[in-house]
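A short worksheet on the structure shown next.
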Amino acid sequence: MDFSISYIFSQIFTVAEYGLLGASYLAKNRRLVVSLDIISMTCGIVAYILLGADLGLAMSVVILLANFYYLWDEHAHSEKERSVLHGRDYVVLVVVLTMIALLAWLTYDGPLSLLSVAATVLYEISIWQKSTKVYKFLGIPVAICWMSYNGVILSIFGVLCELGMLIASIIGYVKELKVQKKRNNKRARAKKSRN
């Protein structure tokens, strides 16, 4: 492994990317999740350029572009409108998944490089469906796929940071489950007191 200036800077951007991504797994609302992901993906794009990882770069660009749509959606529509999926959401998902497939085909670099494709598809579905609970749950397999991909491209900090993402997504998901359990208990008590 060559510890060139380019490699060192790629690892610095990788740490910044994962720090921001970890914060997104702990965020309480989708707008903050998407905003943190946009900044995170920008750092990831720079890191993949420096590493010469074309497929990882392509997948990060797709995620970044989709996140700009999701951020627009958060600002342009009321909370009630955003709480359900609309036709436009399905169109965006189809376009994004088509872009992922096309870029995966154009930048294919062996079967192990498809780990970034699997991670991107799972991530895209996790953020597309608008539930922070599902986002955090799907963060677990996403982290495993990206950790493996970073191992293939020899990004030491990518592997270590992705391990942190795995832990953050598990913690975030467990917190979501606890909040949901509290809500369900409150509803059950309220329903019981009404009867």
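Please treat every number below as a calculation from the coordinates, not as lab data. This is a predicted model, so every value here is computed, not measured. Cβ atoms come from the backbone with ideal geometry, glycine included; neighbour counts cover every protein chain shown.
The length gained on full extension between residue 160 and residue 180, counted as 0.36 nm times the residue separation minus their Cα-Cα distance, comes to 4.2 nm.
Look at the dipole of the chain built from charges on Cβ: of 61, 84, 39, the Cα furthest out on the positive end belongs to 84.
Just checking the listed ones, 45, 12, 100: in the Gaussian network model of the chain with Cα springs under 10 Å, the one fluctuating most is 12. For the range 149-195, the extents of the C-alpha atoms along the principal axes are 61, 12, 6 Å, listed from largest to smallest.
Looking at the range 95-150, the chymotrypsin sites (Phe, Trp or Tyr not before Pro) that sit in a DSSP loop and have at most 14 other Cβ atoms within 10 Å of their own Cβ are 108.
Decide, for the range 92-147, between rounded, prolate and oblate: order the square roots of the alpha carbon gyration tensor eigenvalues as a ≥ b ≥ c, take rounded if a/c falls under 1.5, and otherwise choose prolate if a/b is larger than b/c, else oblate.
Values: a/c = 4.95, a/b = 1.37, b/c = 3.62.
Oblate, since a/c reaches 1.5 and b/c is not below a/b.
May I ask which of 136/192; 28/80; 133/192; 28/192; 28/191; 130/181 have a Cα-Cα span longer than 23 Å here?
Details: 136/192 31 Å; 28/80 17 Å; 133/192 27 Å; 28/192 29 Å; 28/191 27 Å; 130/181 20 Å.
Correct reply: 136/192; 133/192; 28/192; 28/191.
Volume per residue for the chain equals 110 cubic angstrom (convex hull of Cα atoms). For the range 1-49, the alpha carbon convex hull comes to 54 Å³ per residue, rounded to a whole number.
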